[in-house]
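What follows is calculated from the coordinates using simple rules that are stated; it is not laboratory data. Predicted model, so just to flag it, every value in this text is computed and none were measured. For neighbour counting, all protein chains shown are included, and Cβ atoms are generated from backbone atoms with ideal geometry for every residue, glycine included.
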Number of protein chains: 2
Amino acid sequence: MENNSKMCGKQSLLFANPPYIIAGSSIAGKKEGEGPLGRYFDQVEEDPMFGGDTWEDAESRMMRRAADAAIEKAGLKKDDIRYMVGGDLLGQLIATSFGIMDLEIPLFGVYGACSTMGESIAIGSVLVDGGYGDKVMAITSSHFAGAEKQFRFPLAYGSQRPLATSWTVTGSGAVILDKDDNRKEELQEKEAPVCVKGVTVGRIVDYGVKDSMNMGACMAPSAYKTIAANLNDLGVKPEYYDKIITGDLGYIGKDILIDLLKQEGYDISKNYMDCGIEMFDKDTQDTHSGGSGCGCSAITLTSYVIPKLRRREWKRVLFVPTGALLSTVSFNEGNSVPGIAHGVMIEGM
Amino acid sequence: MENNSKMCGKQSLLFANPPYIIAGSSIAGKKEGEGPLGRYFDQVEEDPMFGGDTWEDAESRMMRRAADAAIEKAGLKKDDIRYMVGGDLLGQLIATSFGIMDLEIPLFGVYGACSTMGESIAIGSVLVDGGYGDKVMAITSSHFAGAEKQFRFPLAYGSQRPLATSWTVTGSGAVILDKDDNRKEELQEKEAPVCVKGVTVGRIVDYGVKDSMNMGACMAPSAYKTIAANLNDLGVKPEYYDKIITGDLGYIGKDILIDLLKQEGYDISKNYMDCGIEMFDKDTQDTHSGGSGCGCSAITLTSYVIPKLRRREWKRVLFVPTGALLSTVSFNEGNSVPGIAHGVMIEGM
């Protein structure tokens, strides 16, 4: 583990000045609010349009709310945020562009499908750790109806969904990374400051799976490669983390991931959790394989994971949002659905 | 200009250890090869399909060639590249995902429309300057036929193009950033090492222009804001640069940009250049307002701008790729076309 270089192993970075997550926000839709995590979200919006005119507009408005809430919870003004790193699932990132442009904060637009929260926190952490910005926001979103329209069939078609499908979470989460947590001392008694210790940047992994209605199977190999790379780079066992948390593999992807890692000699079955599985009640919410989407891991992180670390119930987690790299064009042209996953090491101090 | 902090002014960064651009590659289509810059490109491909089956596949194959050429020109192997930062114009970045996945290099996927080369060099430079990777590749691409299909009308429709339109460049360019240029000493006599001194990260700028057939007008305000921010942050005049080079404003955007900066007290008319204007011969190539696309600025940079710096014909340029943030969905829903532009300060030593 001791390493003077920031570069650790083949894919990982360890931060010399781990950025603090000083605030996180979570805005969720009605269905998510009715799920097991519902009571933890900052805001649950009953109107699926979020007061807007289109699904895309709805997602933009939701993302803007997540940005505003994070800034407010951090006790900051928008001008205090030097850079934003963010993106979403829609073609050309229109949810992000139209959602946050009025904030007038310099933007790095990123796309990693549902791994986006991992990628944006990774880049944001590099910026803060390296002294390129004191305060940087990482943000992402997804909206069930917009994602169905973008990737599958418009809701109005009333298409039946196969049992392997996941349900795209309507949600937006943002974190604010800061070089210091000024509330550290006063809070230390009851709340642990939380920081990003390092990241493992993912590679694209393609096992040739072509079923866009089974995203868990498409993404599990990339989660496997990233988690294995993290453990190998750091020379640690899965037990090093209180939880290893993937973004949205769902029930099918979970089993595949655990099996793949066993072949590598790692048993994560004891301390594994998937945000997509946590998001909905399988028996009552009809969401089949679980939740998915950029927003799934983002709002689970901000509403559930970070508070667990603050309350010192957990000490250290590996947060691994997972993305499926497809478009309707690539899929209809007969391409496979490769995956990518980025790992973020988050610790309570 | 002297500043111990890496942060300079409101939006800019100055690198303490400016990354060297040790190699750059440029792969272009037939029409680009017939233009004024044709003789400078590494490869000109006569087949618009690049040997592939679809326009998207063609773009992926072109990007892969650009990546391979850059690695080869740098005298490296693919395993030497720690991270890639890249993206393209297609929804969900499929040109990039399918193009470079076999390289198995950890990837930060980025989207900044046609500003992507600026964004990817900015993030790549942060990674190298900060010690997060010795060698990082920044890459992007665009393909005329894929872009028409994605944003306007499939070529087979034979639609007429208004005079304000630009012509999406078929091209892919990559640079390799390194913490040092090992060839420095032997080359210093005849070729200047070239490095990235700093960047100005762009904000989204929306002047409410809704004409997706006039991208120059949509993007000029963002170029104006980024160039003004760079000059203000550094406290320099336009003459500080031998050239201020936008990505793809074209003839209409050029005039708007020069006018907007005049209002701010900056006259860039003497040392201004636009890659879109340089790319095609206006009189003979029927490209209306000029070239555009992520590839336009990328291959102009690698084939023409960097060699000028290496030959010491120029000492210092501000490279400002410009992007229009729209999708067919946002456009058809009546939204405006906001712009974003990222500035990269590139110097010969």
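Annotation for A:Pro307, label-to-label distances across the other copies: 6.1 nm (shortest first, one decimal, point 7 Å from Cα along Cα→Cβ).
In percent, rounded to a whole number, the relative contact order of the stretch A:12-178 is 31, using alpha-carbon pairs under 8 Å and six or more apart.
Look at B:Ser159, B:Ser289 and count the other Cβ atoms within 10 Å of each Cβ; fewest to most, that gives B:Ser159, B:Ser289. Counting every alpha-carbon pair across the protein assembly as shown, the share separated by more than 39 Å comes to 26%. Each of B:Ile252, A:Ile245 was scored by other Cβ atoms within 10 Å of its Cβ. Arranged with the fewest first, they read B:Ile252, A:Ile245. The dipole here belongs to the stretch A:231-346: it is taken about the Cα centre, uses +1 on the Cβ of Lys and Arg and -1 on the Cβ of Asp and Glu, and is about 640 debye. Can you tell me what percent of all Cα-Cα pairs in chain A are more than 26 Å apart? So the pairs more than 26 Å apart make up 42 percent of the total in chain A.
For the stretch A:163-221, GluC sites (Glu not before Pro) are listed when DSSP marks them as loop and at most 12 other Cβ atoms sit within 10 Å of their Cβ; the list is A:Glu189. Each Lys and Arg adds +1 at its Cβ and each Asp and Glu adds -1 at its Cβ; summed about the Cα centre, the protein assembly as shown shows a dipole of about 880 debye. Measuring nothing but how far apart in sequence close Cα pairs (under 8 Å, 6+ apart) lie, relative to its length, the stretch B:192-348 scores a relative contact order of 39 percent. Sequence-distant contacts, meaning Cα pairs under 8 Å at least 6 residues apart, place the relative contact order of chain A at 25 percent. Charging the Cβ of each Asp and Glu at -1 and of each Lys and Arg at +1, and nothing else, the dipole of the stretch A:12-178 about its Cα centre rounds to 340 debye.
All Cα-Cα distances of the stretch A:12-178, cut into 5 Å bins from zero to the largest, leave 1, 9, 18, 21, 20, 14, 8, 5, 2, 1, 0 percent in each bin in turn.
Comment: the Cα-to-Cβ extended label point of A:Asp286, at 7 Å, lies 5.5 nm from its counterparts in the other copies, nearest first.
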